[in-house]
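I have placed the structure first, in the form of structure tokens, so that the comments after it can refer back to it.
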Amino acid sequence: MQELTFDVPGVSCQHCINSITKATKELGVSDVIVDLPSKKVFVAFDPATVTEPAIKSAIEDEGYDITGEESGNTIPAEGQGKKTFNLKSL
């Protein structure tokens, strides 16, 4: 899985959240978070299923400008690169 964060200054309400979420989920994005206070859209997706330009286009096609973008860490597939820690209570 791969994560991206987009700066989308036009998001301001529940309608914005719904339209961006629907448009990106229809592409096959696995997780979408639209954060109104920071005006950011966080997406997690499988690059084998959907491309970054397609995600950007879907957001822009809903009428939102993207003014910045950050690539997140690649999330390991299930069972890969995971570490389990046991923490004891004090």
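Entry remark, the stretch 54-72: residues being modelled with pLDDT under 95, surrounded by fewer than 13 Cβ atoms within 10 Å (Cβ to Cβ) and not charged (D, E, K, R) number 3 in total. Given the options 32, 50, 43, name the one that is in contact with a Gly (Cβ under 6 Å, 6 or more places away or on another chain), surrounded by 13 or more Cβ atoms within 10 Å (Cβ to Cβ) and among the β-branched types (Val, Ile, Thr). None of the other options fit; the residue is 50. For the stretch 35-69, what are the residues that are within 16 Å of residue 2 (Cβ to Cβ), in a helix (DSSP H, G or I) and of a type in the set (D, E, K, R)? Of everything in the stretch 35-69, those that are within 16 Å of residue 2 (Cβ to Cβ), in a helix (DSSP H, G or I) and of a type in the set (D, E, K, R) turn out to be 52, 56. The set of residues from the stretch 1-29 being buried (at least 18 other Cβ atoms within 10 Å of the Cβ) and either in a strand (DSSP E or B) or in contact with a Lys or Arg (Cβ under 9 Å, 6 or more places away or on another chain) (or both) comprises 6, 8, 11.
Could you say whether any residue in the stretch 73-90 is surrounded by 11 or more Cβ atoms within 10 Å (Cβ to Cβ), part of a strand (DSSP E or B) and modelled with pLDDT under 95?
Yes, there is a match, as at least one residue in the stretch 73-90 is surrounded by 11 or more Cβ atoms within 10 Å (Cβ to Cβ), part of a strand (DSSP E or B) and modelled with pLDDT under 95.
The values are calculated or read from the model by the stated rules, or taken from the named source; none is laboratory data. Only a predicted model underlies this, so the values are computations on that prediction, with no experimental measurement involved. Neighbour counts are summed over all protein chains in view; Cβ atoms, including those assigned to glycine, are modelled from backbone coordinates with ideal geometry.
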